[in-house]
Amino acid sequence: MQDHSTPTDMAEVKAAINEQNPTTVTKKCIKCGREKTLDQFRRSKGGPCGRHGYCKPCHTAYSRQSYLDNRNNRISQAKKWNEANREKVREYKTLWAANKKAQNSQIS
């Protein structure tokens, strides 16, 4: 009899995800090599099993290092986008402030 905790093909993995039971199926992280349950992987529409290849801790570490390596470039890109889309930024900030004010009035 086949052990259902480790699926043999992607169809079984997708079935387990569709059943909303990501704690019984395992997957190996391509970064650290550890076998972990699917709930320890971020969702990904592009992946064959619907999850990223890196586990959450490895993905967080990779993202943090990527940001630190490219920090100046990302900041300059954000500034350029904000300058090119001033009206969108203004609308967003106005909407955010109104929502925050409404939240604070509900708390008080």
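The values are calculated or read from the model by the stated rules, or taken from the named source; none is laboratory data. All figures in this text were calculated on a predicted structure; none of them were measured in a lab. Using ideal geometry, Cβ is built from the backbone for each residue, glycine included, and neighbour counts are taken over all protein chains shown.
Within region 32-72, the set of residues being part of a loop (DSSP other than H, G, I, E, B) and loosely packed, with under 15 Cβ neighbours inside 10 Å comprises C32, G33, R34, S44, K45, G46, P48, N70.
A quick yes/no check of all residues on (1) of a type in the set (F, W, Y); (2) out of contact with any strand residue (DSSP E or B) (no Cβ under 7 Å at 6 or more places or on another chain):
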{"position": "R51", "(1), (2)": "no, no"}
{"position": "Y54", "(1), (2)": "yes, yes"}
{"position": "P57", "(1), (2)": "no, yes"}
{"position": "R64", "(1), (2)": "no, yes"}
{"position": "N73", "(1), (2)": "no, yes"}
{"position": "E83", "(1), (2)": "no, yes"}
{"position": "R90", "(1), (2)": "no, yes"}
{"position": "N104", "(1), (2)": "no, yes"}
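If you go through region 77-89 and keep only what is farther than 23 Å from Y67 by Cα and over 27 Å from the mean Cα position of the chain (by Cα), you end up with R86, E87.
Just give me the residues in region 13-31 being in a loop (DSSP other than H, G, I, E, B), at negative phi and either surrounded by fewer than 14 Cβ atoms within 10 Å (Cβ to Cβ) or at pLDDT 90 or above (or both), in sequence order. Matches in region 13-31: E19, N21, T23, C29, I30, K31.
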